[in-house]
Every structure is written in structure tokens, then in C-alpha cells.
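Peer 1: I have a structure here, written as C-alpha cells, and I will follow up with some questions on it.
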Amino acid sequence: MFSHRYLTKLIALGAAVGAIAAVTGCSPSTQSASSAPVPLRLGYLTRITHAPALVGINDGLFARELGPGITFTAQPFSAGTEEITALLSGHLDAAYVGPNPAFNAWQKSKGQAIKLISGAASGGTSMVVQPGITSAQDLRGKTVADPALGGTQDVSLRDWLAKNGLQTNTQGGGDVSVKPTNPESAIVQQFVSKQIAGALDSAPFDIQMIKAGGVRLWSDPNTITVLVVRQDFLAAHPDAVAGLLRGQVQANDKIAADSASAAQSANAALAKVLGKGLDPGVLTESFKETTFSNDPGIASLRDQVSKAVAIGLLQPLDINGLFDPAPLNAVLSAAGKPAVAA
């Protein structure tokens, strides 16, 4: 998993070349000789809301569908904001991320760096609080946590607090102190030790807090995970992107057909990266609360943009063109599945 220090070095080395590559299409993968294998570097997070990635990696679905002409590597990250940094600096070709990091990349690059090519999951995210807290007003003067400033959960949390008349700021002040915390396992530890009054987080971390005695105050049904790709990679290697999408669709098919088996596959992927898998009860409940879909849910994405703008974490943004449905719909059509709307 990329550390902050490593990412800093990575960005320093790659920013000048990588940022230009993201916009102009000059990247190592597009410059390689046609006979050489094409590298496809995929980022993902170690959450159950990224189960399509976990299943696709563990079951070899991506590698199989990409074929021998593609050198496939998968890199776990601890935050979607870090994935976006790696994408924009040219060190990832595709990534499973939350919607808000994708919006930030779209805005920073003026619509030139990435395309959203598929949904992956929605829901699977809850506000969990200490026993005795029954409303947003009970959080006044207290500290709550989420995974990352400007992340999808951060936007949802601040929006919910604002709609309940509670102000926050990015320095941790306001009526409720919001504490972005990484790694997410630290959120659970702080909740158990009662250092925080609650947290908005995604599976499995919200379920772990509930298992530790927390109370689910509300759930966020919006899109939580999408698949994005660098535009230059999509233009240069459409067949590789199609292979990636076939693996994604097959992973979601497995989740829909045999959730228990898919959960075990996802858990095996987590165990390889983290050293151990999830508790069986946490694993099962995490899958139950999450909806896995190839459709990114455009209405949900627009809603999340509006929230981020309203609370000042995003400048006004037009996301028309961010989602390119053509590659996904071609894969869905070939599999006899209905198309998704842009």
C-alpha cells in the first residue's frame, strides 16, 4: 500500500512527465512498441465496497480477460484521493475510486485526464455513533471521523451535518469537528476507545463499529465506487479497457449469483494484502448492505456533485462527458445484458 512519504516521492519524480501524459496521451504504455506487452496498472481500496475489484483480482478474471498481450498489475491504496494523485501523475492507468475523487480529477484536469467507464457499488456506507446518540444535534461539540478530506464519505457527512444546521470546516472546527482519518482501521480503533462520537464509513469499517456496540444512525444509498481510466490509455488501448470491463462484469455476475462464494473470494484478496481476512460476521453483513452494479447511477453522481459544491469542497462543476458509456455498453451488449444510460 502506498505510504504518504512514498507518494510524495512518486509525485515529485512523475509530476512533470506524468501530468503532461495524462492530458496529451504521452505515457509509457502508449509509447511502447506494438509488439511489446501493454502494462495496465489498476488501483483499488481494501474495502468491501470495492468487492468487484477484489473478486476480479483474486479469481483471475481481469488477467484472463486482458489476455497475454497485457501485463496486469493491481495496487492497493488506502484512500481514493491517493489513487487520483497516482492517476494524474501517470502511475496508474485505471482505478476503482469513490465519486468525489473522480470529480476532483475531472475538475483539476479540465475534463482531460480521466473517463468514468463503469459503476461498481452503491450503499455499503453508514453513520455509526456511540450508544445514546440519537440525532445529529447530539453530535454538537463532539468529534466524528471519516476516511479522507474531500472523499465521498467526507462530502456526505458534511452535507448531512449542514442540512441538520451544524457547520463544519476543513480545519476540524465548527459545531461538529470532522476528523479525516487514515488508515480506516484507526477509525474503528478510535470509535472503540470512545475518542470519537461516531464516523461515516463504508463496509467493512461501519460494520466493525456496529459489531463493537455502535448504533447505525443513517445509511447513505448513493454510488460509492466507480471505475475510472486515463483518457490517453482508453484512446490508445480500447481492447485492454474492454478486457478490464469484461472482468468487472463477470465479477459482479459472480456476486449476484453466489454472494457467499464471492465474499470468500473478496476476503481471500484482502487476506493477501492485509495479512488476514475479515471476521465472517463482518464479511457477511458488509455484503448484505452493499449493492453491486455496473451502472454508475448518473442521478446519484449529479446529487453528489451538488452536495460537494454546496458545502464548498468542489467548485461548480459540469460532469457531462465524465461518464463514457460506450465501452461498457459494448461489453454488456456482447454478454446479452441491457445497456446503462449516460
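Peer 1: Tell me, what is the per residue accessible area of segment 26-126 in Å², probe radius 1.4 Å?
Peer 2: Accessible area per residue: 29 Å².
Peer 1: Using alpha carbons only, how many angstrom separate the centre of segment 189-227 from the centre of segment 307-342?
Peer 2: If we compute the Cα centre of each part, the gap is 27 Å.
Peer 1: So what are the chain's ellipsoid semi-axes, whole angstrom, largest first, if each one is the square root of 5 times an eigenvalue of the alpha-carbon gyration tensor?
Peer 2: 32, 23, 18
Peer 1: Ignoring ligands and nucleic acids, what accessible area does THR71 show with a 1.4 Å probe (Å², nearest 10)?
Peer 2: Near enough 70 Å² of accessible area.
Peer 1: Calculate the translational D of segment 217-329 in whole µm² s⁻¹ from Stokes-Einstein, where the hydrodynamic radius comes from the Kirkwood formula applied to all Cα pairs, the temperature is 4 °C and the viscosity 1.567 mPa s.
Peer 2: 78 µm²/s
Peer 1: Calculate, in nm to one decimal, what LYS337 and ASP239 gain on full extension: separation in residues at 0.36 nm each, minus their alpha carbon distance.
Peer 2: 33.4 nm
Peer 1: Go through segment 247-342 and name the trypsin sites (Lys or Arg not before Pro) that are in a DSSP coil and have 15 or fewer other Cβ atoms within 10 Å of their Cβ.
Peer 2: LYS276
Peer 1: Filter the cross-link list LYS115/LYS254; LYS163/LYS194; LYS211/LYS288; LYS142/LYS288 down to pairs whose alpha-carbon distance in this structure exceeds 20 Å.
Peer 2: Check vs 20 Å cut-off fails for LYS115/LYS254; LYS163/LYS194; LYS142/LYS288.
Peer 1: Under a 5 Å amide H to amide H cut-off, with H placed in plane at 1.01 Å, what residues pair with ILE114 once short-range neighbours are removed?
Peer 2: Counting only residues 5 or more places away or on other chains, the set is GLN231.
Peer 1: Tell me which trypsin sites (Lys or Arg not before Pro) from segment 105-183 have a DSSP coil assignment and no more than 10 other beta carbons within 10 Å of their own.
Peer 2: Answer in residue order: LYS110.
Peer 1: In a GNM of the chain with a 10 Å cut-off on Cα contacts, which of PRO39, PRO147, PRO204 has the highest mean-square fluctuation?
Peer 2: In the Gaussian network model the winner is PRO39.
Peer 1: Calculate how large, on average over all directions, the projected area of the Cα convex hull of segment 143-257 is; give the answer in nm² to one decimal.
Peer 2: 9.5 nm²
Peer 1: Something else: May I ask you to give the percent of accessible area on segment 151-291 that is carbon plus sulfur, with a probe radius of 1.4 Å?
Peer 2: Summing carbon and sulfur atoms, their accessible area is 51 percent of the total for segment 151-291.
Peer 1: Pairing the Cα long axis of helix 298-310 with the longest principal axis of the chain, what angle in degrees results, from 0 to 90 and rounded to the nearest 10?
Peer 2: 50 degrees
Peer 1: Could you pull out every residue, at least 5 positions away or on a different chain, whose amide H is within less than 5 Å of the one on ASP295? Hs are placed 1.01 Å off N in the peptide plane, and Pro or chain starts have none.
Peer 2: GLY119
Peer 1: Mind checking the per residue accessible area of segment 223-342 for me, 1.4 Å probe, whole number of Å²?
Peer 2: Heavy-atom SASA per residue in segment 223-342 reads 43 Å².
Peer 1: On a full-extension model of 0.36 nm per residue, what is the gain between THR170 and ALA260, subtracting their alpha-carbon distance, rounded to one decimal in nm?
Peer 2: Full-extension gain reported as 28.4 nm.
Peer 1: From Cα pairs below 8 angstrom and at least 6 apart in sequence, can you work out the relative contact order of the chain, rounded to a whole percent?
Peer 2: Averaging sequence separation for qualifying contacts and normalising by length gives 26 percent for the chain.
The values are calculated or read from the model by the stated rules, or taken from the named source; none is laboratory data. From a predicted model like this one, the values you see are computed outputs, not experimental measurements. Ideal geometry is used to build each Cβ from the backbone, glycine not excepted, and the neighbour counts take in all protein chains shown. With ligands, DNA and RNA removed, areas are computed over all heavy atoms of the protein, side chains included. Shrake-Rupley method; radii C 1.70, N 1.55, O 1.52, S 1.80 Å.
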